[in-house]
Amino acid sequence: MAYDLSSLNVASLDFTQIKRSLIQFLKNQDDLKSLDFDNPASTTNMLMNVFATATAYNGIYAQYGYINSFATTATTLPSIMGIAANSSVLIEPTKCAKTTRTITTNATKLSAYSTFTATNPNNAQVIFYNVEEIAANTTSSIQLYCGSVEEFTEFDYNTLSMPLPYYIDPDTITVNVTNTNTNITVTWEKVDSVTKTSSGNQTHYAVLNGNLGYLVTVNIPTAQTITTDYKVVVTAIRSTGSAGNGAVINQRTNATFNTYDLPSGGVDLISVNKAKTQLRFKATGQERCVTLNDYKQAILNSGISGTDIEDNITVAAGSVPGQVKIYVTDLSSSDETPLLDYLYTKSLVGINLVYSL
């Protein structure tokens with residue numbers, strides 16, 4: 001027998017409302033009027049409890065799934081990472097504390113991922129690492145990252161990619177590819193995953209979000225194809241988050257410092273709102289500032305200390321065409337110029353940025 005389902009309302013997530021709607025609907029069916037729906041001790045009423053419970057659970061799971069399928073409503077960080085993976089953008093849930101130092105090496109080269117011992121403001125011992133090798137008797141500017149070094153070798157030759165856990169800082173990744181026939185190793189270059197050039201067969205790789213971690217992939221238009229004749233080894237630094245911020249770093253015997261900026265920018269785990277901001281900015285704007293809101297989103301994603309609170313950011317049109325006024329409450333004066341420099345790289349030609357209320 002066909003039933004008129006238009007009067008059945010079980011979209012609520014409340015058990016009592018679902019049960020009441022089920023009973024009211026079924027009691028109105030001619031072939032079911034003899035059943036005892038209202039007696040809590042009856043088998044029919046107990047069956048309504050089972051139906052209402054199953055309906056409520058299914059509704060909750062469905063709503064949770066729908067909510068976490070869209071960036072605007074997602075409530076969990078893994079959901080946003082999955083959306084980012086589908087959008088081919090990179091969201092970084094944790095970051096190493098880092099600093100840029102000018103160093104001078106002596107007669108011994110500084111190998112990649114050499115250790116620099118350090119002490120943070122809580123008197124805890126932490127370790128910093130360089131990522132690139134520096135030749136002997138050289139003065140060079142390098143970045144030092146706080147964490148621990150890990151190595152990964154599980155390359156998938158079918159998908160041309162390798163999974164990495166989200167506790168890795170993707171800025172610290174090095175991809176070394178060795179031809180097992182010649183034993184020649186080449187360090188590959190990281191590129192934007194959406195970059196397309198006319199020339200292929202390049203030693204290029206990209207880093208993308210996956211549902212459970214990063215994907216280091218060579219499955220991009222510019223990269224040469226890796227066969228089983230090659231061995232892929234990825235080295236990267238596991239982030240210790242904020243533990244390295246403000247740490248005092250010790251020099252090495254083969255590498256002395258010429259600059260002494262304290263490390264900063266270490267993040268234990270970004271918030272869901274921060275991840276949403278990054279996703280919206282990177283996925284919809286291609287990291288270009290066109291509207292005033294684009295500038296606000298860019299500032300929130302700058303990584304510059306003091307720019308991560310939206311209510312402290314003011315962006316407005318200037319008094320002349322093409323002028324954009326930027327201001328961040330309590331931003332250090334030393335960070336004003338780096339912030340403007342960062343925004344200019346994302347601005348359209350002809351835009352004049354002014355740091356002012």
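Nearest 0.05, what FRET efficiency do residue 224 and residue 50 give at R0 = 51 Å with Cβ-Cβ as r?
Approximately 0.30, to the nearest 0.05.
Once you've got the GNM for the chain with C-alpha springs shorter than 10 Å, pick whichever of 248, 216, 89 has the biggest mean-square fluctuation.
Per the Cα network of the chain with a 10 Å cutoff, 248 tops the list.
For region 144-183, which GluC sites (Glu not before Pro) pass both filters: DSSP loop (anything but H, G, I, E, B) and at most 15 other C-beta atoms within 10 Å?
In loop regions of region 144-183 (DSSP not H, G, I, E or B), the sparsely surrounded GluC sites (Glu not before Pro) are 154.
Which order do the peptides 17-29, 331-343 take when ranked by the mean count of other beta-carbon atoms within 10 Å per residue, highest first?
Numbers: 17-29: 16.6, 331-343: 14.2.
Most protected by this proxy first, the peptides run 17-29, 331-343.
With the crude spin-label approximation of a point 7 Å out along Cα→Cβ, what separation in nm comes out for residue 329 versus residue 271?
Distance between label points: 1.4 nm.
Mind checking region 222-286 for trypsin sites (Lys or Arg not before Pro) that DSSP puts in a loop (not H, G, I, E or B) and that have at most 14 other Cβ atoms within 10 Å?
Numbers: sites: 231, 238, 252, 274, 276, 280, 282; in loops: none.
Within region 222-286, no trypsin sites (Lys or Arg not before Pro) qualify (loop, at most 14 other Cβ atoms within 10 Å).
Apply the a/c threshold of 1.5 to the C-alpha gyration tensor of region 122-189 and tell me whether it is rounded, prolate or oblate.
Cα axes put region 122-189 in the oblate bin.
Taking Cα atoms of region 232-335, Rg/Rh with Kirkwood Rh, to two decimals?
1.07
Give the shape of the chain as rounded, prolate or oblate, defined through the alpha-carbon gyration tensor: a ≥ b ≥ c are the square roots of its eigenvalues, a/c under 1.5 means rounded, and otherwise the shape is prolate if a/b is larger than b/c and oblate if not.
prolate
Please find, in a Gaussian network model of the chain (springs between Cα atoms separated by less than 10 Å), the residue of 246, 318, 303 whose mean-square fluctuation is greatest.
Per the Cα network of the chain with a 10 Å cutoff, 318 tops the list.
Compare 180, 307, 115 in a GNM of the chain, Cα atoms joined below 10 Å, and give the one with the largest fluctuation.
The residue with the greatest mean-square fluctuation here is 180.
Would region 314-353 count as rounded, prolate or oblate if I go by the C-alpha gyration tensor, calling it rounded below 1.5 in a/c and otherwise prolate when a/b exceeds b/c, oblate otherwise?
Here region 314-353 falls in the oblate category.
Express as a percent, rounded to the nearest 5, the fraction of DSSP beta bridges in region 285-355 (both residues included) that run antiparallel.
Counting DSSP beta bridges with both partners in region 285-355, the antiparallel share is about 50 percent.
Taking the Cα centre of the chain as origin, sum charge times position over the Cβ atoms of Lys and Arg (+1) and Asp and Glu (-1), and report the length of that vector in debye to the nearest 20.
Taking the Cα centre of the chain as origin, the dipole is about 300 debye.
Can you find, among 78, 159, 281, the residue farthest towards the positive end of the dipole of the chain? Put +1 on the C-beta of Lys and Arg, -1 on that of Asp and Glu.
Farthest along the dipole direction, towards plus: 281.
Along the charge dipole of the chain, Cβ charges K/R +1 and D/E -1, which of 29, 224, 241 sits furthest on the positive end?
Looking along the dipole axis, the top candidate is 224.
How many nm is it between the label spots at residue 60 and residue 139, if each spot is 7 Å from the Cα in line with the beta carbon?
6.6
Mean Kyte-Doolittle of at least 0.0 plus a Cα span of 20 Å or more along the axis: flag which DSSP H helices in the chain meet both, please. Before the final figure, lay out each step's value.
Numbers: long enough: 43-67 (36 Å, 0.32).
Qualifying helices: 43-67.
What's the extension gain from residue 354 to residue 16 if we count 0.36 nm per residue and subtract their Cα-Cα distance?
115.8 nm
Would you please name the chymotrypsin sites (Phe, Trp or Tyr not before Pro) within region 104-181 that are DSSP coil residues with at most 13 other C-beta atoms within 10 Å of their C-beta?
Details: sites: 113, 116, 128, 129, 145, 152, 155, 157, 166, 167; in loops: 113, 155, 157, 166, 167.
Passing both the DSSP loop test and the Cβ count: 157.
Read-outs throughout are calculated quantities, based only on the coordinates presented, and are distinct from any laboratory measurement. What you see is a predicted model; the values in this text were computed from it and never measured. All Cβ positions, glycine included, derive from the backbone under ideal geometry; neighbour counts span all protein chains shown.
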